[in-house]
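The values are calculated or read from the model by the stated rules, or taken from the named source; none is laboratory data. Just so it is clear, the structure is predicted and the values come from calculations on it, not from any experiment. Here Cβ is always computed from backbone atoms with ideal geometry, including for glycine, and neighbour counts include all displayed protein chains.
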């Protein structure tokens, strides 16, 4: 069966809808995401068959019934997280994150025995950032942006706003949707164009942080740098996913030939 896949921007919009700060309902966001991926099936009148062959997580079934979740178990979060393009969540990893590696920033379950939307967003960001940073580096970024939960300080930027921002910026920087950051400027005299990529990312993020007028200059600089790191991490996640696909295919075929 086909897996329902969301871009990070679509997931951010879905989370915004769940929080009640979006004009669209969570179900409408999911329907629009599904239409985007199945436009050809719709045009050919095959939408029902296509939907039947799509694997939907249980949390989606609740939304179809008009039920809005008030909290999320780790299994719910893993199920939703693995819908995001080029991610690789596991319950075991998340248990380690909430109980040990990022306990100071995630805290305990907020909704009974379930986790809140903000806690889920932090877990999604950890998955992205670990593509290019070790856990200690991620903790240092969380310290600067969100502060430990028991400290009582307001975050520099709220988790969902940060996640939504770098998700949207990545799609803006990948206009042709080939999962590679676009470099519109080419200089035939240069062997490498990495400086152009960096320059474009910096320009985009600087333009965004100028809109965060409530922040101090040093806070805006921190947010800008984290956005740059997040954008590079999302790009890295694509290559990691591609590498895993080829590794799995190689191993599978090797065992198949030995039968």
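So that you can scan it fast, the table gives a plain yes or no per residue for (1) surrounded by fewer than 19 Cβ atoms within 10 Å (Cβ to Cβ); (2) closer than 29 Å to residue 246 by Cα; (3) at pLDDT 90 or above:
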| position | (1), (2), (3) |
| --- | --- |
| 53 | yes, yes, no |
| 65 | yes, no, no |
| 92 | yes, yes, yes |
| 125 | no, yes, yes |
| 131 | no, yes, yes |
| 139 | yes, no, yes |
| 147 | yes, no, no |
| 154 | yes, no, no |
| 161 | yes, no, yes |
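Of the set (1) within 27 Å of residue 222 (Cα to Cα); (2) surrounded by fewer than 17 Cβ atoms within 10 Å (Cβ to Cβ); (3) touching a strand residue (DSSP E or B) at 6+ places or on another chain (Cβ under 8 Å); (4) free of Cβ contacts under 8 Å to residues at least 60 places away in the same chain, all apply to residue 109 but (1).
Considering only the range 1-43, give the helices (runs of 4 or more DSSP H) lying wholly within it that have at least 1 residues that are modelled with pLDDT of 85 or more and within 19 Å of the chain's Cα centre (by Cα).
Because the criterion is at least 1 residues that are modelled with pLDDT of 85 or more and within 19 Å of the chain's Cα centre (by Cα), the helices (runs of 4 or more DSSP H) in the range 1-43 that meet it are 8-19, 26-37.
Of note, residue 115 satisfies the criterion of being in contact (Cβ under 8 Å) with a residue 12 or more places away in the chain and more than 18 Å from residue 240 (Cβ to Cβ).
Of the residues making up the range 122-150, those that are more than 16 Å from residue 237 (Cβ to Cβ) and in contact (Cβ under 8 Å) with a residue 60 or more places away in the chain number 3.
Contact annotation: residue pairs with Cβ atoms under 9 Å, 6 or more positions apart or on different chains, pairing a residue in the range 176-187 that is outside the structural domain of residue 86 (by TED's automatic domain parsing) and loosely packed, with under 13 Cβ neighbours inside 10 Å with a partner that is at pLDDT below 70 and assigned to a loop (DSSP other than H, G, I, E, B), are 176/182; 185/193; 186/193; 187/193.
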